[in-house]
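K.L.:
Pasting in a structure now, in structure tokens, and then I'll have a few things to ask.
The values are calculated or read from the model by the stated rules, or taken from the named source; none is laboratory data. In this text, all values refer to a predicted model and were calculated from it rather than measured experimentally. Counting neighbours? That spans all protein chains shown, and the Cβs are built from the backbone with ideal geometry, glycine included. We work out accessible area using only protein heavy atoms, side chains counted, and drop any ligands, DNA or RNA first. Shrake-Rupley method; radii C 1.70, N 1.55, O 1.52, S 1.80 Å.
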Amino acid sequence: MEENTSSPNSLPTWIAQPPTYDPPTDRDGFITQSMLSVAGVLSQFRLDDGTAARFSPSAPVKLVVGLAIILLNSLSTNFVFTLVLLAGVLVRVALLPACMLRRVCGVTGAAAALAFVIMLPAILLGQTHSAVLIAGKTLVSVGTCMTIALSTPYHELTAGLRAFHVPSLFIFVLDLALKNIVRLGNVALEVLCALRLRSVGRNTEKTASMGGVSGVVLLKTKASAEETADAMACRGFSGDYRKPAAHTWRAVDAAWAAALVLIVVLFVICESVV
């Protein structure tokens with residue numbers, strides 16, 4: 001007591017002492033992995049930066065060709081047909097800009113690797129051909145989807161769907177889902193980062209924190225939905241997507257249509273051989 005009052009300008013000794021609280025060390029691998037997982041998913045859902053690449057047909061032609069390739073690839077039982085499609089997809093991907101090329105290769109490679117891992121029991125049972133076939137089909141399908149998504153502006157994709165008389169309600173739900181999933185994912189990342197920074201000491205119930213993170217994201221979802229509804233009402237949007245003007249065929253559209261006919265003919269020939 002005497003030390004604290006001996007000099008009016010001196011600090012009390014208990015303030016100058018270092019803190020004695022030493023929290024036990026803890027691992028934050030759960031939170032870190034959750035953040036990395038969310039960030040990885042978000043990076044693949046950023047479809048609003050699609051830009052038209054070289055040799056790109058119009059959006060309706062892209063949708064028809066892409067859907068036909070995925071359908072024929074799924075129905076094919078001849079591995080030669082899958083290899084031909086894979087070669088065509090690789091050539092098309094090679095024409096993309098470097099930034100798009102990295103994203104397509106990363107996503108398709110991860111999807112094919114996952115499919116191959118899932119088919120490992122078939123390899124152990126002597127069905128190596130099935131595992132390779134499924135991995136190849138995955139490469140073709142995912143590569144086609146990623147190429148269309150990254151080489152087509154988002155508004156052209158929705159207009160292309162409307163050109164095929166897809167209901168406006170379906171396009172509206174898809175439009176809002178793809179646009180808001182990134183925003184809500186960013187909210188989840190921010191909450192996880194705050195949880196990591198505020199976690200002191202050892203917490204044996206880290207999984208219980210995910211409930212709080214989910215609750216915050218749910219509240220943000222409700223607020224975002226209300227703001228979107230108000231914004232659409234202010235802009236006079238009634239939920240109806242206008243049909244695009246009559247499609248004008250270009251030389252590149254005709255070339256892709258001819259390529260689709262050749263793919264169908266090749267599919268018929270390969271299946272007849274089997």
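K.L.:
Quick check on this structure: which one of S76, S58 is of a type in the set (G, A, S), touching a His at 6+ places or on another chain (Cβ under 8 Å) and at negative phi? I'd like the intermediate steps shown before the answer.
P.N.:
Numbers: S76 fails: touching a His at 6+ places or on another chain (Cβ under 8 Å).
It is S58.
K.L.:
Here is a follow-up. Just one of (1) touching a residue at least 40 places away in the same chain (Cβ under 8 Å); (2) buried (at least 17 other Cβ atoms within 10 Å of the Cβ) trips up A131, so point out which.
P.N.:
With respect to (1) touching a residue at least 40 places away in the same chain (Cβ under 8 Å); (2) buried (at least 17 other Cβ atoms within 10 Å of the Cβ), A131 is out only on (1).
K.L.:
Hey, another quick one. Tell me, yes or no, whether the range 202-215 has at least one residue that is modelled with pLDDT under 80, open to solvent by less than 100 Å² (accessible area, probe 1.4 Å) and closer than 30 Å to V61 by Cβ.
P.N.:
No - not one qualifying residue is present in the range 202-215.
K.L.:
Does the range 256-274 hold any residues that are among the small types (G, A, S) and either touching a residue at least 12 places away in the same chain (Cβ under 8 Å) or closer than 18 Å to F79 by Cβ (or both), and which are they?
P.N.:
If the condition is that a residue be among the small types (G, A, S) and either touching a residue at least 12 places away in the same chain (Cβ under 8 Å) or closer than 18 Å to F79 by Cβ (or both), then A257, A259, S272 are the ones that fit.
K.L.:
Return the residue satisfying two criteria in turn: it lies in the range 223-255 and is basic (K, R) and at pLDDT 75 or above, and of such residues it is farthest from N78 (Cα to Cα). Break it down into steps so the answer makes sense when it comes.
P.N.:
Of the residues in the range 223-255, the ones basic (K, R) are 235, 242-243, 250.
Restricting the remaining residues to those that are at pLDDT 75 or above gives 235, 250.
On the way: R235: 52, R250: 33 Å.
The selected residue is R235.
K.L.:
Do you know which residues across the range 94-111 are open to solvent by less than 40 Å² (accessible area, probe 1.4 Å), part of a helix (DSSP H, G or I) and over 23 Å from V132 (Cα atoms)?
P.N.:
Scanning the range 94-111 gives a single hit, M100.
K.L.:
Regarding V38, is this residue part of a helix (DSSP H, G or I), among the β-branched types (V, I, T) and modelled with pLDDT of 85 or more?
P.N.:
Considered against the rule, which asks whether it is part of a helix (DSSP H, G or I), among the β-branched types (V, I, T) and modelled with pLDDT of 85 or more, V38 comes out as no.
K.L.:
Looking for whichever is under 30 Å from A229 (Cα atoms), crowded, with 20+ Cβ neighbours inside 10 Å and out of contact with any helix residue (DSSP H, G or I) (no Cβ under 6 Å at 6 or more places or on another chain) here; the options are S168, S151. Which one fits?
P.N.:
Residue meeting the stated conditions: S151.
K.L.:
Another one. Go through the range 256-274 residue by residue and tally those that are open to solvent by 60 Å² or more (accessible area, probe 1.4 Å) and modelled with pLDDT of 75 or more.
P.N.:
Qualifying residue count, the range 256-274: 9.
K.L.:
Would it be correct to say that L219 is among the aliphatic types (A, V, I, L, M) and either modelled with pLDDT under 80 or closer than 26 Å to T108 by Cβ (or both)? Spell out the reasoning first.
P.N.:
Details: among the aliphatic types (A, V, I, L, M): yes; either modelled with pLDDT under 80 or closer than 26 Å to T108 by Cβ (or both): no.
In short, no.
K.L.:
A further question on this structure: Restricting the search to the range 64-105, which residues are among the β-branched types (V, I, T) and under 23 Å from A254 (Cβ atoms)? Please lay out each step first, then the result.
P.N.:
The first filter runs over the range 64-105 and keeps only residues among the β-branched types (V, I, T), leaving 64-65, 69-70, 77, 80, 82, 84, 89, 91, 93, 104.
Hits for the range 64-105 are V64, V65, I69, I70, V84, V89, V91, V93.
K.L.:
What are the residues in the range 56-93 that are farther than 14 Å from L150 by Cβ and outside any helix (DSSP H, G or I), if any? Please lay out each step first, then the result.
P.N.:
Looking only at the range 56-93, we keep the residues that are farther than 14 Å from L150 by Cβ, and these are 57-58, 60-61, 63-65, 67-88, 90-91.
If the condition is that a residue be farther than 14 Å from L150 by Cβ and outside any helix (DSSP H, G or I), then P57, S58, S76, T77, N78 are the ones that fit.
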